[in-house]
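Derivation of every value follows stated rules applied to the coordinates shown; laboratory data play no part. Keep in mind it's a predicted model, so treat the numbers as computed, not measured. Glycine also receives a Cβ, built like all others from the backbone with ideal geometry; neighbour counts cover every protein chain displayed.
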Amino acid sequence: RIMNPDGSEAPMCGNGVRCLAKFAADRGIARHRLSIETLAGMIYADVKGERVKARMVEPTDLKLNFEIRVRGRKERLNFVNTGVPHAVKMVDFVSRCDVDGLGAAIRRHPYFAPHGANVDFVSLRKDGALDVRTYERGVEGETLACGTGSTAAALVFAAQKNLKSPVLVYTKSGETLKIYFSRAGIGFFGVYLEGRIIKTFEGSAAL
C-alpha cells in the first residue's frame, strides 16, 4: 500500500514498487523475480543488480489531443491511466513550465473529477528521448521523478509522435528511466518500467 504525504492512498507507485522489489530481493524476503500486489493490480518485477524492471498494469483510458480551459486559457492535453490517472501536456521546454501553478490547476480541473489526475509536462529531445516533470496529486507539488508519469509520457508520445520502444525518459532528479511497450492498434500492452534503484539511507522508527 502506498500512502501519500497528505494521508491519501495511491492505487500504486511505479518507482515505489521497484524500490520494494529491490529491498525484498536484497533482504532475502523474495527472489529476484517477484510479484507485488497493488490496488491497481499485480506488478511483476525483475531485479538485476542496481536495475529493476517492472511490468506495469495494462494502461487504460487513452485519450489524445483534447482541450480544457484552465485559468482563462485553453490547454491541449492527453490522458492515460497507467495504474494512476495522468494528464500529459506536450511542451517545448520543461524547464520553462509552471509545474506547481499550472499543474495544480489541471490536477483539480472538473474534467478529471472526482479523483483528479497527476500532470506531466513533457518535451521531446532530438534523439527521441523525453524530458518529464510531474505534478503529483497527494503530494500536491512537483516530485523528483514519477514512474507512472514517465510511462504515461512515453505512451502518449508513442501514440502521437510514433516513438518506438524502448523510450528513454529523463527525470528532474537526473535519473533516467526506460519504458518498454508493445502496440495493438491505438492501444498498448506489455508495458515495462526500468531504471536504477540506489539505497540512500537506512533507519528505524518506533510505531
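Taken over the stretch 110-122, residues that are under 15 Å from E142 (Cβ atoms) and not charged (D, E, K, R) amount to 5. Total residues in the stretch 44-58 satisfying the condition of being closer than 17 Å to P11 by Cα, without any contact (Cβ under 8 Å) to a residue 40 or more places away in the chain and charged (D, E, K, R): the figure is 0.
Considering E67, E140, E37, E50, which residue is of a type outside the set (A, V, I, L, M) and within 21 Å of L155 (Cα to Cα)? If you could, list the steps in order and put the result at the bottom.
Working: E140 fails: within 21 Å of L155 (Cα to Cα); E37 fails: within 21 Å of L155 (Cα to Cα); E50 fails: within 21 Å of L155 (Cα to Cα).
Every option except E67 fails the conditions.
Note on the stretch 92-126: among residues that are of a type in the set (A, V, I, L, M) and within 17 Å of the chain's Cα centre (by Cα), the one that is farthest from R1 (Cα to Cα) is L124. Of all the residues in the stretch 117-154, those that are assigned to a loop (DSSP other than H, G, I, E, B), free of Cβ contacts under 8 Å to residues at least 40 places away in the same chain and under 14 Å from T82 (Cα atoms) number 1.
Please verify whether G190 is more than 15 Å from the chain's Cα centre (by Cα) and over 18 Å from G14 (Cα atoms), treating the condition exactly as stated.
Details: more than 15 Å from the chain's Cα centre (by Cα): yes; over 18 Å from G14 (Cα atoms): no.
No: the conditions fail for G190.
Within the stretch 67-78, being in contact with a helix residue (DSSP H, G or I) (Cβ under 8 Å, 6 or more places away or on another chain) and part of a strand (DSSP E or B) holds for I68, V70, E75, L77, N78.
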